[in-house]
Structures are given as structure tokens and as C-alpha cells.
Amino acid sequence: MRISLKWMKTLLDIDMSIDELKDRLDLTGTAVETVITIGEALDGVVVGQIVAKESHPDADKLWVTTVDVGSDALLTIVCGAQNFETGDKVPVATVGSTLPNGMEIKKAKLRGVVSMGMNCSAAELGMGSDQSGLLILPPDAPVGVPFAEYKDLTDTVLELEITPNRPDCLSVVGMAREMAAVLGTTFEIPSGFPDETGEPIADSLRVDILDPELCSRYTARLIRNVKIGPSPDWLVERIVALGQRPVNNVVDITNYVMFELGQPLHAFDAATLGRDSEGVSHIIVRRAGAGERLTTLDGQDRPLDPGMLIIADPNGPVGLAGVMGGENTEVSEETVDIILEAASFDQVVTSHTSRSLALISEASMRFERGVDPMGCIAAQNRAAQLMAEYCGGLVAPGLVDVCPEPIQDRSLELRRSRVNRMLGTQLPAQDIETVLRALGLGVEVHDGDDSFSVDIPSFRPDLTREIDLIEEVLRVWGMDRVPSTLPGGRERIGGLDSGQRWRERIAATMRAAGLNETITYAFVDPGDLGRLSWELDDGELLVELLNPMSEEQAVLRRTLAPGLLRAVSYNQRRGVENVHLYELGRVFSTSEGRKLPRERDVVAGLLAGRWHAPTWHDPRSKDKGVDAALRGPQLNFFDGKGIVEILLEDLGISRWSTRSADVPWLQPGRAAEIVVRGQSVGWLGEVHPRVLEQFEAQAPVVMFELQLAALIKAAVAIRPSTDVPRFPAISFDVALVVDEAVTAESVEQSLSKAGGKLLESVRLFDVYRGAGIPEGKKSLAFALSYRAEDRTLTDEEVRPAHDRAIRKVSASLGAELRS
Amino acid sequence: MSTIDELNDMRTKALTEIAAAGDGASLETVRVAYLGKKGELTAILRGLGSLSAQERPIVGKTSNEVRQELEAALDGRRRDLEHVELEAKVSADAVDVTLPGRGRVPGREHLIEMITRQVVEVFIGLGYRIVEGPQVELDYYNFTALNHPPAHPARAATDTFYVRDLEAGDARTTGESDVLLRTHTSPVQVRVMENEEPPIYVLAPGKVFRRDIADPSHLPQFTQVEGLVVDEGITFGDLKGTLDYFCKEMFGHDRKTRFRPHFFPFTEPSAEVDVSCGICGGDGCRFCKYTGWLEILGCGMVDPNVFGYVDIDTERFSGFAFGMGVERIAALKYNIPDLRMLVEGDMRFLRQF
């Protein structure tokens, strides 16, 4: 909503700088979004006098004028207008100025004559639509004075953000009331009543409201014999300042009164309105019928639906109620009599009409937020008076006023104790009363200052409860004056719960392991699961968005994999080869019959490329060439597994294992399930090259995704201490040659089991294939460490048991001892 | 030559040789030559038995003296040589200390998670608990119980993501749905008040979704932190004090806050909170669009209608709520030129914070 300070100052005194005013409005709930200074755009346009006028030697319709603009030299200006004489005063745009339409005035040669500026029409100066010729100024216009200054065109326009609860502020008068209240001053309401003449309107117009719940009031006036023409300058200037294009005097007045009083008005050409069986013009307010159409004033032919409210005559629609009139009843040059509408249409239906047609007008914007039904009459009278004055109209006596439900007076109780208890203040009754009265509310004080009865005017539909009044008191009295305190609640305990603490710990471990946190979108491409060859469980469904931004974001993610793989691709395409990411995020799935989907949090990690760019520390290998040697090893399955190991160890989860698994999006043989206490908690592996191709990512990419809830459930917060060993351990190495199919884990478990009480640990330190090892076999080398709590073990004491254990394991696994 | 003279000559010779030994090995040769099993001094000691009873104690005593003297000299020389060797080794081990070090590089926290955590820490200090809610919500929690009128524009399918409702019934066939991606963290307020009795002091961080096209200043998915307090005697002053404290903790103790009345459906009175611009200190600059202030969050006293939905006695209890956009704070605090960088996963961006 725009307001012109020049216009505002005709209603109230504003004795402060723009900055002070802006602050005051900001701090009382009317945010000032921008401050526009009008008049600046006409810099360089001055009042000039035509001192000579000669035909252009080389063009029939052009004149070469000599113009005095108050400077030392006279200007030669070539001019195409025909409506002036020598001696006329006109606005002159000098070289270097820019007109409101964006035209830059330059020195120019027109058919061989150099022109040093431009004599302007009203339209060229943004002052209306008249471009028929130069704007001829009165003879007393002072030559050389800036045109904006001469015409008093300078103005400051404030663009205000009006919150949805304050429809009353969508008018000049409403804002004057608000400003008077917050500035502590008074304001005047412009009003008018027309002289009435001729036959009363009642004989010429019939109005029926068929849907009274959607139209609480419909008023009309009849103005005969209007002369359509341009509006007076002052009126054009005011509506232009508020962003409205001038059209003609009738339409401009309807817009002017809408801006002034907040009541949208519409003028019909009376002659074009259909009549009832008795020959009386007939307006019907009703829902649109299916299949009806209307060409609106903007020339668009629009389909209507029964959710829309329309103004109709017996022949069909003539306007979209509260949104825009129809072309069929538009006021034109030929119009003689007009019917002026001021009505109150329902907020929701106006919003529906406007939004479903994508047609937002100044009127619809106001009706959508609520227009005071009590304002119709004042707006009718004000507009009729202006039309009588500026369009030469004859206002028919009376008005049609159809108001199915009388508007009730309302009053609210306000307790002073409640105000202070809610705000944390100690306001005396006087302060509260002052604020309420300043806002135009009627106040009666009861109970020795402790409560008020407050009359609510119809223009404040937002005030329906005591709290609404408390807000008004706070807002106008001043939020900045409320002392800052902290709540003193007694029974409050803050902090993270155990799940939240584990979650933070998991994130911290991911970072300690070298992964960087990222965030990806929750909505993904429905084709992503296919790209992964991911199969949903029986009955499991993806969560589908009904109105996605695009087909690529049409379902909620079931796994973080697609988002992270896209991040890899994003990095690789930008030359970043080494990618180490994790995300703690939510995944979704649903099934038939469910309203809300299942939401689960997972932690996913991803590694691509190498751990780091080459450094001078990296070992060199002579046989692989300098480049390969300098780049270090590529990340693989075990880098991912290492992170999972660190994570599970940090969570205190000891009973877990890795199970080779068939995971469709992972490379066979490099894919595993992570099993905690017999339950799968997630997957780990190298992403299948075929999948990487789908996501335009380069191998190797290692990923894992684990269920957060399962991890947290298995996590052990308190691990009792165990004694640090006091006696040295004794260690034996053993290399076992086993079939390829025998897993390291199974050998390790067998050794652990067979090793006896003194066996402290079994550590795999080498896996070897090649010379000396038969095809299809591998050598696994373990270090077995034995320790007793109470003595230093000797070789002699341990060796026999160790040898027995090795023989037993070798026999059970078909392993051979490698010598 | 008497044995004593022999011993004295040997001592002189040996001490000279010890002093001349240039490294550990030659020192050892000297030791063996005199004190070894076949060494000169050892030979004399062995020959003691053949000496006369008169000579034996004198030669024996002198031999021991010589032996002790030589051992001491050997030890001293050995220490000297070790010292020299260590010096040489140390000097040979010198490195170019400007060469880069070697370390496992830890990962970084995402900027948004970092700021969220900072916000959480401030409010934990003020005695708040952290709560969460579903990201797929019902219209009831997201709008209705937050006092949004049925025709509120935020409900429009142009603004809010709707999710297919798979519960049996009309909704299934018409494709109409009251299931949506939450547009703010405020529904968590309602869920907490439904399930808990006051006093309530909670903070709800989380992801929210709106149908905005991703551009430098908008993302269709972003992060909010919601706060809710319900207790006896909670005032607007308490809201101001709480957020004053928060802004100072978050942005710096020299920053000022300003409360501007505003409108939200679920709070009344409502306000927007500005913090003074950190670039110009409030004088006005390009960063704050010459206002001196940066808008940080929205807040207000819990609307009585909201309490009505969750059966909280408005005469006994009052409360306040506030909400802030973490991406906005990130953009302001870290000067992020394009919010899309936050969801692209570019390592070069992620490793900056």
C-alpha cells in the first residue's frame, strides 16, 4: 500500500523528518518498505517560453522553435506538436534529463536541424494520458524554474507493508487515523454530499442479492449526464502517486475514492445494463453459472465457475464481484448515465475468484482482506459529489441500499490487570484509555480504573477479543518501552535427551573420521530408486508429493544415497575428485492405508577418490610410475568399513559383525550388511559402476547408510572400567593358508575360541596370495597375544597350549600352517 | 724394569690412546688391549701369583688403581664420543620446518547444523529442552491449530507441498489431501502442548518446506528453530528479555535489538525482531539496505485461540513463541551470496566452516 505524504498532510500535521516518521511507523506495526521521492524524475525539465516558431525547412509537420529557458542562451528545439503559438509557456526537457518514461534527452539532429531539448506533452511527463500536444502552461508560469517545483510535483511516497489483520489501513483515511494515533495528533475525514436532482434512483434501478452470505451490502447511485473527459491535475497527481494510471474522470474518481476511503467502487454505463420485465435496470449479485464467461475490462475473456461471485444483469455477467468489471458495461467516451456500485463482498469468495483467474486488482486486494460495510454510503456520497463537480454529472436523489443483515455494534471488555499481566508493565488506566481513544475506539472506564468497556467501530473487524485490544495498547504505547525480563519458571530443566546426545556424538565421530557434513533435499526423483536398482519391501510405497516443484523432486527420499551421489557428481564435474561426505537425515516411506508416512533418521557416509591430494609425505612406488605413486591409494571398501568400525566402537557397540550381502546398488563382493546383535542396521560397500554411471559419478565411491535409531538403541553409555594390564604379554605369530571362501572373521573367531583363557587378542596383520600359496587359497597371518593378570607368562608356559589351539583350528578349517 | 714401572708406563700409554680414540670402535679396541681377557693389565693381574709376597700387595694395589683409572677414562671418553655422535646425528636429522605437516584432516560440520547447534546451546543455557516433530504433517497441526483461517493463502497448493494421503476414503480418490510437508516448525508447538502440561520451555529445530523456486535467497527446503514457553506469569517483557539475550549471544554483545509489531496468526501480540547491523553498527549501509537493522526472527505471545485447541487455561497460563530461519542467519552472519550453495555438497564450500 502506497501513501503520498503530500496527500496525507492535507488530513493531518506531520511535523517530523521522513526518517523519524519511518521509525515511528516501523515501531508501531506499519513497516515502511521503501521511500520514493517523486519529482526527481523530472530533473532537468524547466518552464520555458517559445520566443520564435518557424517551419522546419525540410519537414512539413515539424517546427523549429527558439525557446527561452532562463539561461544565457536561447535553445533551438525541433518540435512536432501543432497546438502552440509563439509566447506560450511549455515544459522543456533540457539536454541530459531523463523523462519518467525512460527517454533520455540528448542533443540530436532532426532532418538537418540540431535540437537542444524537447518541448513536452503531459503524457511525456507522466502526468496523464494527454499526448495530443504540448502541455501549455498559464502565462504567469515563471521561465527557468524547474517544472516539478512550479507544479508542486515533489512528493514523498511511502510503500507500506499492511499486515493482513489491518484492512482499515488500506486507505488514505485509514492510514491518517493510524498515523494520528501513533503520532499523537488528530486528523480530518474528508466527506462530501452531492446536490441531488431529477428522478430518484429507486425508479431506475433494481438490485437483488441472491447469495446474501457472500454480499453483505450492495449500494448504488445513479449519476446522469456525465461528460467523460480528463480528470483535474490534482486528482491525477494523487492517484498517480499511489500507482494508478489515469483513465478518465469517472474511472479516476472511483479509484480516487477507493484510495481515499478504502471502499472499492465501480461505475457501469447505465445504458448498457440489461433491464427487468418492467424496463428497470437490473443488477443481480449471484454465483457464476457453470460455463458462463466474461470479458473483463482488461480485454481477457475469462471462464467462470460456481465458486465465483459475479454481478449480472438479466442477460448475464457484467462484472466479477470485487475483482474487475466487464467490458460489456464499461464506461466509454459515449457514456451518458452511470450507475455507481459500492458493495461489501465476502473475503473468501473474492480471494477465490481473484486467485483462480490470476487476476489481482486494487479492489480484490481490499475485499480479500475485508472492507467495512459501513463505508459504502460515505464512499457513494463522496464519489457522487466529485462526479457532480468534475464530470458535470447530475446525481439522482437517493441510493439503492440492499443490506440483508444489519451490522451489529460490538463492544469488548478489557481488564487493566490483564494488560499489565500480559505485557509485564504497570500501565495506569489513563495511558490505556489514551491509546484506545486515539485509535478511534469508544472507551468507558469501570470499577475504579480497573476495567474498560470498549466500543469497536465497524472499520476494525480485527478487534474481537480482549487480547486484540492488549495488542493495540502495546503497539501504540510502545514495545520499546516494555522492560526486558527473563522468565522465572521454577520447574524447568533444560538439556539434550540421550538420543539427541548420541546423535551429536555420531556426527562428531563422522567428522573425526574425516567426513564433511552436507545437507541434500528431502525430495528426490522418483526414478532414483530405479537407478539404484533399489527394491522396496513388500507393501512399502514411496511418499508422493501432489504438487512437486518439478518431476525430479516428486517423491520423498527413501535413502540418502541419491542425494549424496549427486553431490559426488557435482564435485567431480567441478574438478573436485576427493569427496568425503556424511549426512544425518530423514528418510520416508509409507504403505496403503497410512495417513502420515514413516519417518526414520539415518546416517550416511560417502567416500570418493582419495583421502587427500598428493603430499610430499606420500610413499613413492617405483613400479607404478611417478603419477600413480604420488597420488596415493584410491579409497575402497575398507576406508568405509574403517569409519563404521570407529563409529561402532565409539558407541560402545561390541557385538556386531559385517556380513557379505547382495546389495543391488553395491558392487558384488564389495558389499556388506552391518549386523548388530543379529539385526541388520544398514549397508556398506562400493557403489556399483553401473549405478555410478546413472548418477554421472566416477568410481570409486564407497558408501554406507545406517539406521540411527538402531545404533542409538544398541549404544552403551556407561562402560565399566577394566584393569590396565600390569604384566607383559607374550605374542606368537601364525600364518594359516585357507581356502578363499573362508572369511577372515571366521578364522579369527575360531582362534579366539580355541585360544583358551590366557589369549588376550587376535590381530590379523597380513593377507597374502601369490608365490608359495596354491591357487584358490590365501594366507592369513595373525598375531596372538597371551597375558595373565597375575604373572609374567613364559614361552614354556604358553607354547604348548598355543600349538594345540593352532592344530585344532587348522583341522576344523582345513587350514595349513604356513612355514 | 720393575712391574710398577711397567704399570706406570702402561697407564700413560693407555690414557694417551683413550684420549686419541676417535670413535666408539677404536675406544673398544683400546679397552680390549688393556682390560680385555688378553689385555696387558689383565696379564699383569694374572701374573700376580708369581710375584713375591713382598711385591704382590704393592703391584696388586697399583694394578687396581690403574684399572679404575683406565675404566674411568674409558667411560669419560665414551660419554664424550656419544655426545659427539648424537650431535652429528641430530644435525644430520634437521628438516625444512616449512614443509607441510602430516595429519588426518577431520571433517567439518555443515554451516546450517553449526548455527542450529549454537542456537540450541544458547537456549539450553536458558533451561529449554529440545523437541522434534514429523516433517510430514497434518493440516491440523500446521495450520488449523495454529489459528490459520480455512482460506489462509499459505494453505494454497502454490505455497505448500501436499503429500498423497493413503488412508482409505475420499481423499484417496480425489487426490485432495490434508497431509503436507510442514511449512514451519510451529506445528511442534501444538504437539508439545497437546502432550505436556506447563511449564513448557522447549526449542524445536528442524527442516521445513515451501514451494519456492531455489534462487540466491530462497530454498524450497530450509531450516527453522522454533521456541515455545508456556508457564504462569509469562509476559511480553519475558519474550523481549529472552530474545535480547539470544541476539547478544548469537551476534555479539554490542548488538542492539528492536521489536516491531507485526502479525502472525498464532501469536498476539506479535513482533518481528531486528538486530542492529554488524557492518555499519546501525548507521545504515548497503548490507542492511540503509536501515541499520537486520530482520532476524518473528515472535509473539501465544494466541488464546491456540491455547484453546490444546486446552490450556488462558487465565492461568500465558506463553510466548518465536521462530527463526537458520539459512537467513547464516546468510547474514557469514555473508553467503547464494543459499543454493548450502545444498549442493561442494567440498570447497563445506570445508570453509
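A few notes on this one:
- Residues that are at pLDDT below 85, among the polar types (S, T, N, Q) and over 26 Å from residue B:85 (Cα atoms) do not occur anywhere in the stretch B:35-45.
- Filtered residue count, the stretch A:481-512, keeping only those that are more than 7 Å from chain B (Cβ to nearest Cβ), charged (D, E, K, R) and assigned to a helix (DSSP H, G or I): 5
- Looking only at the stretch A:662-698, residues that are of a type in the set (A, V, I, L, M) and more than 15 Å from residue A:561 (Cα to Cα) come to 5 in all.
- Taking the stretch A:293-318 as the range and being of a type outside the set (Ser, Thr, Tyr), touching a helix residue (DSSP H, G or I) at 6+ places or on another chain (Cβ under 7 Å) and not in a loop (DSSP other than H, G, I, E, B) as the test, the residues that pass are A:309, A:318.
- The stretch B:235-246, residues that are in contact with a strand residue (DSSP E or B) (Cβ under 6 Å, 6 or more places away or on another chain) and surrounded by fewer than 23 Cβ atoms within 10 Å (Cβ to Cβ): B:244
- For beta carbons closer than 9 Å, sequence separation of 6+ or different chains, a first residue in the stretch A:264-280 that is modelled with pLDDT under 95 and a second that is acidic (Asp, Glu) and part of a helix (DSSP H, G or I), the qualifying pairs are A:280/A:203.
- Lone qualifier among B:336, B:329 - being assigned by TED's automatic domain parsing to the domain that holds residue B:275 and outside any helix (DSSP H, G or I): B:336
So that you can scan it fast, the table gives a plain yes or no per residue for (1) assigned to a strand (DSSP E or B); (2) in contact with a Cys (Cβ under 7 Å, 6 or more places away or on another chain); (3) within 11 Å of chain B (Cβ to nearest Cβ):
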{"position": "A:535", "(1), (2), (3)": "no, no, no"}
{"position": "A:548", "(1), (2), (3)": "no, no, yes"}
{"position": "A:559", "(1), (2), (3)": "no, no, no"}
{"position": "A:565", "(1), (2), (3)": "no, no, yes"}
{"position": "A:568", "(1), (2), (3)": "no, no, yes"}
{"position": "A:585", "(1), (2), (3)": "yes, no, yes"}
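- In the set A:527, A:609, A:575, A:605, only one residue is without any contact (Cβ under 8 Å) to a residue 24 or more places away in the chain, more than 30 Å from the chain's Cα centre (by Cα) and more than 9 Å from every other protein chain (Cβ to nearest Cβ); that residue is A:575.
- Scanning the stretch B:279-312 for residues that are of a type outside the set (Val, Ile, Thr), away from chain A (no Cβ under 14 Å) and part of a loop (DSSP other than H, G, I, E, B) turns up B:280, B:281, B:285, B:286, B:287, B:311.
- Taking strands (runs of 3 or more DSSP E) as the structural unit, those lying wholly within the stretch A:1-106 and holding at least 2 residues that are hydroxyl-bearing (Ser, Thr, Tyr) and within 42 Å of the chain's Cα centre (by Cα) correspond to A:31-38.
- Qualifying residue in the stretch B:206-229 (condition: over 27 Å from residue B:162 (Cα atoms) and touching a residue at least 24 places away in the same chain (Cβ under 8 Å)): yes
- Among the residues making up the stretch A:635-678, those that are closer than 20 Å to residue A:582 by Cα, among the small types (Gly, Ala, Ser) and either touching a helix residue (DSSP H, G or I) at 6+ places or on another chain (Cβ under 9 Å) or surrounded by fewer than 20 Cβ atoms within 10 Å (Cβ to Cβ) (or both) are A:642, A:671, A:672.
- For residue B:194, the conditions (1) closer than 29 Å to residue B:317 by Cβ; (2) within 11 Å of chain A (Cβ to nearest Cβ); (3) touching a residue at least 60 places away in the same chain (Cβ under 8 Å); (4) of a type in the set (D, E, K, R) are fulfilled apart from (2).
- Entry remark, the stretch A:419-429: residues being touching a residue at least 12 places away in the same chain (Cβ under 8 Å), in a helix (DSSP H, G or I) and surrounded by fewer than 19 Cβ atoms within 10 Å (Cβ to Cβ) number 1 in total.
- Of all residues in the stretch B:264-278, those satisfying the criterion of being touching a helix residue (DSSP H, G or I) at 6+ places or on another chain (Cβ under 7 Å) and either surrounded by 22 or more Cβ atoms within 10 Å (Cβ to Cβ) or more than 12 Å from chain A (Cβ to nearest Cβ) (or both) are B:266, B:268, B:269, B:271, B:273, B:275, B:278.
- The residues on offer are B:237, B:227, B:241, and the sole one that is more than 8 Å from chain A (Cβ to nearest Cβ) and either more than 30 Å from residue A:584 (Cα to Cα) or under 30 Å from the mean Cα position of the chain (by Cα) (or both) is B:227.
- Restricted to strands (runs of 3 or more DSSP E) entirely inside the stretch A:648-746, those with at least 1 residues that are among the aliphatic types (A, V, I, L, M) and within 21 Å of residue A:499 (Cα to Cα) are A:666-676, A:679-687, A:701-707.
- Qualifying residue in the stretch A:432-455 (condition: touching a residue at least 60 places away in the same chain (Cβ under 8 Å), away from chain B (no Cβ under 14 Å) and either assigned to a strand (DSSP E or B) or touching a helix residue (DSSP H, G or I) at 6+ places or on another chain (Cβ under 9 Å) (or both)): yes
- Residue in the stretch B:194-210 that is at pLDDT 95 or above, part of a helix (DSSP H, G or I), of a type outside the set (Gly, Ala, Ser) and under 19 Å from residue B:146 (Cβ atoms) present: yes
- Members of the stretch A:734-758 found to be in contact with a Ser or Thr (Cβ under 7 Å, 6 or more places away or on another chain) and over 13 Å from residue A:814 (Cβ atoms), listed by number: A:735, A:745
- Qualifying residue in the stretch A:391-407 (condition: in a helix (DSSP H, G or I) and not β-branched (Val, Ile, Thr)): no
- Residue tally, condition part of a loop (DSSP other than H, G, I, E, B) and within 9 Å of another protein chain (Cβ to nearest Cβ), over the stretch A:463-480: 1
- Checking residue A:92 against (1) at pLDDT 90 or above; (2) within 19 Å of residue A:145 (Cβ to Cβ); (3) surrounded by fewer than 19 Cβ atoms within 10 Å (Cβ to Cβ), the condition it does not meet: (3)
- Helices (runs of 4 or more DSSP H) completely within the stretch B:51-147 that count 3 or more residues being touching a helix residue (DSSP H, G or I) at 6+ places or on another chain (Cβ under 8 Å) and facing chain A (nearest Cβ under 8 Å): B:111-125
Residues are listed down the side, and each one gets a yes or a no for (1) in a loop (DSSP other than H, G, I, E, B); (2) aliphatic (A, V, I, L, M); (3) surrounded by 21 or more Cβ atoms within 10 Å (Cβ to Cβ); (4) free of Cβ contacts under 8 Å to residues at least 12 places away in the same chain:
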{"residue": "A:176", "(1), (2), (3), (4)": "no, yes, yes, no"}
{"residue": "A:199", "(1), (2), (3), (4)": "yes, no, no, no"}
{"residue": "A:206", "(1), (2), (3), (4)": "no, no, no, no"}
{"residue": "A:219", "(1), (2), (3), (4)": "no, no, yes, no"}
{"residue": "A:222", "(1), (2), (3), (4)": "no, yes, yes, no"}
{"residue": "A:228", "(1), (2), (3), (4)": "yes, yes, no, no"}
{"residue": "A:231", "(1), (2), (3), (4)": "yes, no, yes, no"}
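The values are calculated or read from the model by the stated rules, or taken from the named source; none is laboratory data. What you see is a predicted model, and the numbers here were worked out from it, not measured in a lab. Cβ coordinates were reconstructed from backbone atoms using ideal geometry, including for glycine residues, and neighbour counts include every protein chain displayed.
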